[in-house]
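What follows is one structure encoded as structure tokens, with my remarks underneath.
Values in this text are rule-based calculations from the coordinates and carry no lab data. These figures come from a predicted structure and were not determined experimentally. Don't worry about glycine lacking a Cβ; one is built from the backbone with ideal geometry, like all the others, and counts go over all protein chains shown.
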Amino acid sequence: MKAIVVHTPGGPEALELVDLPRPEPGPGQARVKALAIGVGRPDALIRTGRYKWMPPLPAVPGNEVAGVVDALGPGAQGVSLGDRVLLSSRELPQRGGGYAEFVCAPADALYPLPEAISFDAAVNLPNFQLAQALLFECGGATPARSVLLTGAAGGVASAMVQLARARGLQVVATASTPDKREFVLRNGASAALDPAAADLPAQVMALTGGRGVDLAIDPIGGALFIACLRSLAPLGLAVSYNVVSGPPAADVFAELRSLLGRSLGVRTFSMHTFDEQPAKRRALMFAAIDAMASGAVRAPEATVLPLAEARRAHELLDAAGTVGKLVLHP
């Protein structure tokens, strides 16, 4: 079978198209014939060797696979040949393994896919699972009435925009270019702001009647995280789930003390929090599947490339110039 392998970490050129033996499912396993493979930031971290949960080299990147069950190992239960399924590597002992024509996994790790969800849409579901956790499992003001989402044209943040609107929250978002801000508005945000604006907190305050947002969720870091703190309402919470631009640009504790009258909170977040909580983790995914199948949320338009063009997909990923999901087809 065709697969993409990283032998030596590096740029997109580190992704090598190779022939590997087709895997055979072991006891309790099912084999999935991949029809859509998601491309995401953790794949780039595996490619560059910087992933905190790095699989051993040589490594096959890829954390999201949608397809059909085409073989069953001895004792496999809960799935049948031909079933439409999603495999997220969050259900596996280690991340990666998805950039291949066939993948074997424990049968009970697979998620059944309703017919209402296409394979290309399905590989967005781990983003919606993470979005569920960020929005509804991090605490903060109860109930939250408003949220600031930075980097809102990205996969996880764009999922949060939809989920927050479906729950009736006011969604203020940021995106770095006019085209991305237009996408964010079409996706359901009530306002889309320039994250580089010096008066960003003032704009957020104006949009929320001078109160600020109850929740600010930020994957960017740098100066933007400080702006998030200044945009919070009393008892508001700022959540950092990545630091694409590096750590906060000022002393966070000093900033909190300067805003003491608002009694603000800060939390860091990783989906790995739920690595040892399978029931909670799977419940978050099933909630995401239900939301997409019902039409409450929708997957963004996909940019589809052949598996053999994984390098090109990673060039687009690194450039951060696309909106929606990058998807590989075997």
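Across the stretch 127-272, the relative contact order, built from alpha-carbon pairs under 8 Å that are at least six residues apart, equals 21 percent.
Among 45, 134, 235, which comes first, then next, by fewest other beta-carbon atoms within 10 Å?
Numbers: 45 17, 134 25, 235 13.
Ordered by Cβ neighbours within 10 Å, fewest first: 235, 45, 134.
Only one residue of 310, 187, 1 has its Cα farthest out toward the positive end of the dipole of the chain, where Lys and Arg carry +1 and Asp and Glu -1 on Cβ, and that residue is 187. Under the Karplus relation 6.51 cos²θ - 1.76 cosθ + 1.60, θ = phi - 60°, what is the ordered set of whole-Hz ³J(HN,Hα) values for the stretch 174-180, x standing for Gly and Pro? Result, rounded to whole Hz: 10, 8, 7, 10, x, 4, 5. Computed about the Cα centre, the dipole magnitude for the stretch 90-246 is approximately 460 debye when only Lys and Arg (+1) and Asp and Glu (-1) carry charge, each at its Cβ. Put simply, the C-alpha atoms of the chain give a gyration tensor, and the ellipsoid matching it has half-axes of 36, 21, 18 Å, longest first.
If you average the sequence gap of Cα pairs under 8 Å that are 6 or more apart and divide by the length of the chain, what percent do you get for the contact order?
On the way: 742 pairs, mean separation 58.3, N = 330.
With pairs under 8 Å counted, the relative contact order is 18 percent.
Simple point charges give the picture: +1 on the Cβ of Lys and Arg, -1 on the Cβ of Asp and Glu, and for the stretch 21-154 a dipole about the Cα centre of about 480 debye.
Dipole of the chain, Cα-centred, from +1 at each Lys and Arg C-beta and -1 at each Asp and Glu C-beta, to the nearest 20 debye? Present the calculation step by step, with values, prior to reporting the outcome.
Details: 29 positive and 29 negative charges, 139 e Å.
With only Lys, Arg, Asp and Glu charged at Cβ, the dipole is about 660 debye.
Sort the stretch 127-272 into rounded, prolate or oblate with this rule: let a ≥ b ≥ c be the square roots of the eigenvalues of the Cα gyration tensor; rounded if a/c is under 1.5, and if a/c is not under 1.5, prolate when a/b is larger than b/c, oblate otherwise. Taking the square roots of the gyration eigenvalues as a ≥ b ≥ c, the stretch 127-272 is rounded. Mean separation of Cα pairs under 8 Å and 6 or more residues apart, divided by the residue count, gives the stretch 1-88 a relative contact order of 34 percent.
Taking amide H as placed 1.01 Å from N in the peptide plane, the amide H of residue 213 sits under 5 Å from that of 232, 233, each at least 5 places away or on another chain.
Annotation: the residues 258, 176, sorted from fewest to most other C-beta atoms within 10 Å of their own C-beta, follow the order 258, 176.
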